[in-house]
Amino acid sequence: MLARVYSVALVGIDALRVGVEVDLAAGLPQTVIVGLPDTAVQESRERVRAALRNSGFIHPQRKVVVNLAPADIRKEGPSFDLAIALGVLVASGQVASQDLETFCWLGELSLDGYLKPVRGCLAMADGVRAMGLKGVIVPQANRAEAAAIEGIAVYSLDHLNQVPEFLADPGRFLYQGTPTPLTGPSLGLDLSEVKGQSVGKRALEIAAAGGHNLLLVGPPGTGKTMLARRMPGILPPLTREEALQVTKVYSVAGLLKQQGLLSERPFRAPHHSASAAAMVGGGSFPRPGEVSLAHQGILFLDEAAEFRREVLECLRQPLEDGEVLISRTRQQVTFPAQVAVVMSANPCPCGPKPRPGSSQPVCVCSPLQRQRYWNRLSGPILDRIDLQVQVENLKPEELISLRPAESSQAVRVRVVQARLRQQERFQGLGLTCNAQMQTKHLREFCLLDEAGRGLLQMAIQRLGMTARSYDRILKMARTIADLSGSPTIQVSQVAEAIQYRSLDREGKLLAG
Ligand SMILES: [Zn+2]
């Protein structure tokens, strides 16, 4: 007899329906699994056999053929165990077989028949919802995770021996927990805790408002990391759709620690020794890397010049496309990667510190050393940075100032307003923020008046800026205008934007 039940396979963060067909045939007792299974799926033969026996069922003394369809998608992991065991039970007539096609079965079996949680359960449950199936059956430990998906019934089983009871009365196993509502960012870190740093804070606000990438340059101890960590708190709250995407990435990576959808924008700060695979994802069954774990949030590269060049190089495509494409034999996987990059760098390799008798940091690098240092950054990734800002040591009066600084909440209100203006402007163009504008959009949305054009031309000539810098200044000026609610770009806004090209402006940093 042939049985067919359903499960799902993960491709990236998306789920595909997999038909699990089980056929009992005459022949030597053995189990064969076909349909591109990996080792963990192959091993499911042994788990299923033992789990059936230890749950009071019989493993048929026949040839058991299991086909996982479609055959051209690679199947990985132990999450098909439950579906295979059910297929064997149905094919051998040990349980009733009505209504099976309306459910999707997920779960790893232990040898004693208990169900163990599976990785990526939330992403799989979302896939099941999209397929229009009636419900998903998951291990008890996964039920709260799966229940974060609205619009699908979640049933949970603890042990394989509950399957007959479930088929007789599914309602008893329905999980009644409601998904935790989206709470919005908790703002654990607040901008008001950062003293001084008015330029750094303003740059953070502009970067958040226009979706710009940001480089903070300054000697050690000036609070670059402190500033960067507060960036997620001034970005607009995640929408439900965005939160779902972010949570799916964490679910697939096996990093989901809480119930319900993640409601805070991620902040990822990989160490500078990180490999390319850790950064963009990889493995024979690809897992998301740091750039995808930072999706809809911040990827912070602290001491950016210390990262290996090839690691920075491989960030180029994801930053360009907003997604990571990983190619494997027979399979291509994409992970989302819409991130804002915040980098920090010392002005030079020695990391200048104040010396005795001087409050200003003293550098001991040769011009050649400085040149080499900046060359490491200049190619692949500096090209994609709109704001380059110098962060200085606090002045004594700033250190002791008791005046309360502005809160993240207050800044976020302006950022949200500026984002709304951009959405209105870009309706139907497929853009979401100013940083994404192409040259043709600049001509339409970033018109300057006579004075603004004159100032920008002068800056270009005097400072020897490139055409690329020109475009970036226009985009930033547009964001600064949006923050102040101005439909046109004022000359003062152009002037402010020029300030944020400090590497261009102070060619000395690059030239040594
Ligand atoms: Zn130095």
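Give me the residue from the range 383-407 that is outside any loop (DSSP other than H, G, I, E, B) and touching a strand residue (DSSP E or B) at 6+ places or on another chain (Cβ under 9 Å) and, out of that set, nearest to the ligand (Cβ to nearest atom).
So, considering only residues that are outside any loop (DSSP other than H, G, I, E, B) and touching a strand residue (DSSP E or B) at 6+ places or on another chain (Cβ under 9 Å), the one nearest to the ligand (Cβ to nearest atom) is Gln390.
Is one or more of the residues making up the range 195-203 crowded, with 20+ Cβ neighbours inside 10 Å, of a type in the set (A, V, I, L, M, F, W, C) and outside the structural domain of Thr239 (by TED's automatic domain parsing)?
No: zero hits.
What tally of residues in the range 290-319 results from selecting those that are free of Cβ contacts under 8 Å to residues at least 40 places away in the same chain and either under 18 Å from the mean Cα position of the chain (by Cα) or in a loop (DSSP other than H, G, I, E, B) (or both)?
Looking only at that region, the number is 7.
Quick one: count up the residues across the range 7-36 that are surrounded by 20 or more Cβ atoms within 10 Å (Cβ to Cβ) and not in a loop (DSSP other than H, G, I, E, B).
10
Select from the range 48-67 the residues that are more than 18 Å from Ala3 (Cβ to Cβ) and outside any loop (DSSP other than H, G, I, E, B) and list them in ascending order.
The answer is Ala50, Arg53, Asn54.
So, in the range 274-288, exactly how many residues are assigned to a loop (DSSP other than H, G, I, E, B) and either surrounded by 14 or more Cβ atoms within 10 Å (Cβ to Cβ) or at pLDDT 95 or above (or both)?
Adding up the residues that qualify gives 4.
Look at Thr334 and say whether it is hydroxyl-bearing (Ser, Thr, Tyr), within 15 Å of the chain's Cα centre (by Cα) and away from the ligand (no atom under 16 Å from the Cβ).
Criteria met by Thr334.
Quick check on the range 354-382: of everything there that is more than 18 Å from His272 (Cβ to Cβ), surrounded by 13 or more Cβ atoms within 10 Å (Cβ to Cβ) and at pLDDT below 75, which residue is nearest to the ligand (Cβ to nearest atom)?
Pro361
Across the range 337-353, what is the total count of residues that are under 15 Å from the mean Cα position of the chain (by Cα) and surrounded by fewer than 17 Cβ atoms within 10 Å (Cβ to Cβ)?
So the answer is 0.
The values are calculated or read from the model by the stated rules, or taken from the named source; none is laboratory data. Note that the structure is a prediction, hence the values are computed from the model and not measured. Here Cβ is always computed from backbone atoms with ideal geometry, including for glycine, and neighbour counts include all displayed protein chains.
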